Every structure is written in C-alpha cells, then in structure tokens.
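The structure under discussion appears below in the form of structure tokens.
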C-alpha cells in the first residue's frame with residue numbers, strides 16, 4: 001500500500017537514514033521503535049508530505065486516506081468536543097455540511113429558481129446523499145460519541161467547548177478525530193500518552209478490530225505486544241524489519257546483535273592476520289605479488305561496524321534513611337472539590353469518601369481505578385499537597401517524601417538551563433555532583449546547558465525525576481512517572497524502583513510497569529477503596545466485581 005524505497009534524510013550534519021526502505025501492506029499493524037532522535041516521528045512526517053527526502057521514493061496510492069495522530073494537537077476552539085471530533089471525519093464531514101446546505105436550498109421557496117435549476121439541485125442533493133450514506137454518514141454521530149466515551153469523555157462533556165478542556169483532554173479529542181475518520185492507513189505517534197488504563201484497554205480493542213493498516217510508536221510494552229504483528233526499528237541510519245511483536249523483536253534483536261559481534265570478531269582476526277602478512281613481507285620483492293593481492297583484497301572488504309549502544313538512564317539511589325514501619329495511615333478520608341462551571345455557578349464534586357488504609361515500610365503500592373476515580377487526588381492528600389475534606393491522615397516517624405506529579409513538568413522554568421534548574425532545586429549540591437547526576441539522566445556535556453523551554457516531554461520528565469530521586473527520601477509517591485519516557489528509560493526507572501530501599505506508592509497506566517514492581521494494590525472504585533495484597537497480576541485475578 002505504502003512503499004518507501006532507498007530514502008536518505010539529513011538534518012544539517014545529522015544523518016537519519018541512508019538508502020533505507022520499508023513497506024506498509026494492507027491490514028498490517030506495525031510498531032515503530034528506536035532510540036530518541038533516530039527519526040521515528042520523521043517517518044510519519046515524510047509519509048504525510050510534511051517533509052521531503054534528500055533521495056529515494058515514497059509511493060502512496062492516490063485514493064489512500066491517511067490519518068495522522070501526533071503529540072502536537074494544534075489549536076482547538078469554536079466547537080464542542082463532539083463537533084470537533086465529527087469535523088475530523090474528512091469527506092463524510094464535508095458531505096454532511098453539503099447535504100444540510102442543499103436541504104435548506106431546496107426548502108427555500110422564495111429563491112425564484114426555474115424548474116430546470118430545481119431538478120439540477122435535486123440531482124446534486126441525491127448524489128451527495130447517496131455518497132454520504134455509502135460512507136456511513138448516518139452513523140457518524142453515534143461513532144463519534146462511542147469513541148469519545150471510550151477515551152473517557154462521557155455524554156456530560158460532549159457539548160463542552162473544546163477550549164475549556166486541558167491539554168491532556170484535548171489530546172484525547174484529537175485522537176478521537178483521527179479514529180472517527182476510519183482511514184486506510186493510521187499513523188499514530190505515542191497514542192497512549194495522557195490516557196488512563198481503561199482508555200488504553202478500550203483503544204487497544206478498537207485498534208484490534210480496525211481493518212486498515214497501522215503504523216505506530218508506543219512506549220507501552222503491553223500495548224505494543226497485543227497489537228503489532230511486525231516491528232520496524234529505526235536506528236544507526238537504517239530501517240530494519242522484524243516479523244513479530246515487540247517481545248519477538250527484543251529476542252531477535254539480541255540474537256542478531258550476538259551474530260554481528262561474532263562476525264565482527266572473525267573479520268577482525270582475519271584482518272589482523274592479513275595486515276601482519278603485509279607488514280612482514282611488504283619489503284620483500286619475492287612476495288610482492290602476494291602482498292599486492294592481499295592489499296587489494298582488504299580494500300574490497302566491506303568492514304563490519306558495531307553500532308554504538310543506545311544510551312539509557314543509569315541511576316543508583318543515595319543512601320535511604322530508614323522510616324518507621326507505619327509510613328502513612330489514613331482513616332475515613334473524603335475529598336470534595338469546589339469550583340465554578342463555565343457560567344460561573346458554584347459546583348461541587350465528591351471524588352471519594354471513607355477511604356481507610358495503611359502504607360507499610362517497603363510497600364510497593366499501585367493505586368488504580370477508572371478515570372476520575374480520585375487516584376491523583378489521593379496522592380496529593382498523602383503528600384499533603386491538598387487537605388482532605390474529612391478524615392485524618394498521619395505520616396509515620398522519619399518519613400521523607402519524594403513526590404512526582406503529572407504537572408511537575410509545568411513548574412520548570414523555561415528560561416533556565418538544565419544546570420540552573422537542578423542547582424536551584426539542590427542548592428547544597430556540588431557542581432561535580434550535579435554534573436554526574438545529569439550524566440546519569442542522559443544530559444552530559446553541552447546538553448546540560450540546554451534551556452528548559454526547548455526540551456521534549458521526555459527530557460523534562462528526566463529533569464524532574466533527577467531532582468526527586470537524587471534526594472535522600474524514603475517514600476516515593478509517583479503520579480504517572482513513565483509518561484514521555486522511552487522504553488529503555490522506563491526499564492532503567494523500573495530497575496531503580498525495584499532496588500529502592502524504601503516505600504513506593506504510584507499511579508501508572510503502564511501495565512507492564514505495574515506488573516513488574518507492584519506488591520500491593522489500592523483500587524478506588526465508586527468512591528471507596530479496596531485493598532489487595534499481592535502483585536498486580538494477582539489483583540487482576542482476584543479483583544472483586
């Protein structure tokens with residue numbers, strides 16, 4: 001369906017690909033992987049025609065409908081959430097407006113049209129209506145509502161102005177716009193960012209039944225494994241295909257790397273012997289022909305190169321001060337938010353009530369629940385970022401809290417450099433300590449002097465995590481810590497949490513992450529909390545209906 005052949009793409013001195021190729025066949029579901037900066041998002045922009053290549057050919061059928069979801073949602077205003085989604089339906093949306101206009105024109109009895117003009121208008125209306133019906137136009141409203149609801153925007157918010165939604169919710173509306181389009185080829189750049197677990201599961205099921213082709217990036221192991229049947233890796237100026245899901249790709253890549261190392265060693269041994277012969281007999285006339293033959297042989301050999309290893313976060317916690325056995329105790333916690341709606345009227349919303357529980361030393365707790373259940377609010381109460389409306393909360397002896405929130409990235413000063421931001425947050429730290437810390441979080445050399453304002457979401461997350469994890473805390477409270485982090489960085493963060501000699505309480509939509517490190521689960525459901533001792537998998541098996 002889409003063929004990319006022999007392309008090369010540069011950004012200044014940086015070479016992304018050289019003579020690289022890939023194909024997207026009808027109905028395929030492909031995962032696009034590779035280190036940050038390798039050029040994954042550029043592949044999407046090239047297919048969409050937003051950028052061009054230095055050489056090579058990108059072939060797309062004329063009638064192929066493309067749908068592209070990126071992290072840049074653009075401006076949204078002047079429509080309701082439902083209207084915004086329906087407006088993304090492409091030709092169906094255009095036909096809907098055309099049919100509505102033609103209906104009004106036909107009903108206008110004072111137009112003074114001739115009978116011939118009326119017949120032409122009727123014919124035009126009939127054609128537009130037939131195409132609208134054939135393209136599923138009558139189902140557009142119900143499809144748009146179904147998709148919005150699946151992504152966590154329910155009937156009460158269908159008619160809300162899009163400008164009243166926060167950035168994360170606008171991302172969901174933008175995603176719904178692409179899904180309602182039902183394109184032939186769906187291009188998705190990190191579609192699970194800003195989604196909760198329930199919305200991710202819904203999107204997963206929707207994409208499984210999607211009949212078109214899918215090319216996507218995702219940092220979610222489970223999401224990728226459940227959906228893709230082929231993985232395309234963009235790395236080391238090349239594009240390489242693996243026939244299988246992400247787990248297969250990891251195994252196969254390791255095998256290929258070991259084979260490459262073995263071939264490299266064999267070639268190095270051969271080269272050393274040939275070069276030794278040349279050096280030894282190069283000055284002897286009796287061996288001149290043999291020496292020249294071997295020199296020509298070496299010139300023709302294609303040298304095997306070992307690609308540089310991907311840089312990943314490498315972090316070890318400082319010594320963790322011991323807390324008491326009872327880290328947090330809360331009884332009958334309730335929280336009600338009071339605010340104003342778009343008309344200025346006061347509105348109250350009870351998030352949860354009667355929550356009672358205990359967080360014990362060395363617990364690794366996952367806080368789960370549907371969108372809006374109050375997971376993030378509970379973390380804010382536990383870290384004393386907000387007061388409970390009712391109930392009592394007690395922090396144990398010697399508890400030192402490190403808190404990462406979903407909105408931590410927003411409090412970074414865009415005018416400061418990374419070095420300045422870290423120094424302000426760790427004022428007693430030496431310059432050498434800060435340099436080493438930033439190096440562990442992939443900001444070495446000149447990278448440490450970058451302005452916060454030009455950093456990507458993943459880079460900002462690493463800055464905030466660096467300041468939190470570098471301090472001697474014994475109770476980590478993490479609200480979506482893996483958002484924006486690539487797969488390798490998530491793995492390093494996971495290892496750090498597993499080796500953390502303290503207590504952890506976290507919210508995450510990454511099922512793989514929760515499975516790997518959870519030892520207890522707090523589920524908030526219908527305003528109440530249910531506690532499960534055991535891993536995340538055990539919770540899923542034992543969960544009360």
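Using bins of 5 Å that start at zero, the share of Cα-Cα pairs per bin across region 163-268 amounts to 2, 10, 18, 20, 16, 11, 9, 5, 4, 3, 2, 0, 0, in whole %. For region 404-446, the spread of Cα positions along the three principal axes, ordered from largest to smallest, is 28, 22, 21 Å.
With N the number of residues in region 466-519, Rg(Cα) / (2.2 N^0.38 Å) evaluates to 1.05. Short-range pairs are left out: with C-alpha atoms under 8 Å and at least six residues apart, the relative contact order of the chain is 15 percent.
Taking 0.36 nm per residue of sequence separation and removing the Cα-Cα distance, the residue 385/residue 3 pair yields an extension gain of 132.3 nm. For region 49-116, the Kirkwood hydrodynamic radius from C-alpha pairs, put into Stokes-Einstein at 37 °C and a viscosity of 0.692 mPa s, yields a diffusion coefficient of 198 µm² per second.
Three semi-axes describe the equivalent ellipsoid of the chain; taken as square roots of 5 times the Cα gyration tensor eigenvalues and ordered largest first, they are 46, 41, 20 Å.
Here each label is just a point 7 Å from Cα along the line to Cβ, and for residue 149 and residue 253 those points are 3.9 nm apart.
Note on region 254-300: the C-alpha convex hull projects to 3.4 nm² when averaged across all orientations. Quick one: of the DSSP bridges fully inside region 326-542, what percent are antiparallel, nearest 5? The antiparallel proportion sits near 60 percent. The packing ranking, built from the mean of other Cβ atoms within 10 Å per residue, places the peptides 378-390, 220-232 in the order 220-232, 378-390, highest first.
Here the label points at residue 334 and residue 122, each 7 Å from Cα along the C-beta direction, are separated by 6.6 nm in the simple model. A simple spin-label model places pseudo-atoms 7 Å from Cα toward Cβ; at residue 279 and residue 301 they are separated by 1.4 nm.
Full extension of the chain between residue 400 and residue 362 yields a length gain of 12.3 nm, computed as 0.36 nm times the residue separation minus the alpha carbon distance.
Given q = 0.08, 0.12, 0.15 Å⁻¹, what are the Debye log10 I(q)/I(0) values for region 326-542, with equal point scatterers placed on the Cα positions and solvent ignored? Debye curve over Cα of region 326-542, log10 I(q)/I(0) at q = 0.08, 0.12, 0.15 Å⁻¹: -0.31, -0.69, -1.02. Compared with the direct C-alpha span, the chain from residue 51 to residue 75 gains 6.5 nm at full extension, assuming 0.36 nm per residue.
For the pair residue 410 and residue 271, a Förster radius of 60 Å applied to the C-beta separation gives a FRET efficiency near 0.65, rounded to the nearest 0.05.
For region 406-525, the alpha carbon convex hull comes to 113 Å³ per residue, rounded to a whole number. Rounded to the nearest 500, the helix-only mean residue ellipticity at 222 nm of the chain stands at -12000 deg cm²/dmol, with each DSSP H run of n ≥ 4 adding -39,500 (n - 2.57). Beta bridges per DSSP, both residues in the chain: antiparallel share near 55 percent. Ordering of 27-34, 238-245 by packing is 27-34, 238-245, highest average first (other Cβ atoms within 10 Å, averaged per residue). Per the Debye formula on identical point scatterers at the alpha carbon atoms of region 445-497, with no solvent, log10 I(q)/I(0) at q = 0.26, 0.31 Å⁻¹ is -1.17, -1.34. Restricting attention to region 157-310, close to 50% of DSSP beta bridges with both partner residues there are antiparallel.
Every number here is computed from the coordinates shown, using simple stated rules; none is lab data. Quick caveat: nothing in here was measured; it's all calculated off a predicted structure. Note that we place each Cβ from the backbone using ideal geometry, even for glycine, and neighbour counts take in every protein chain shown.
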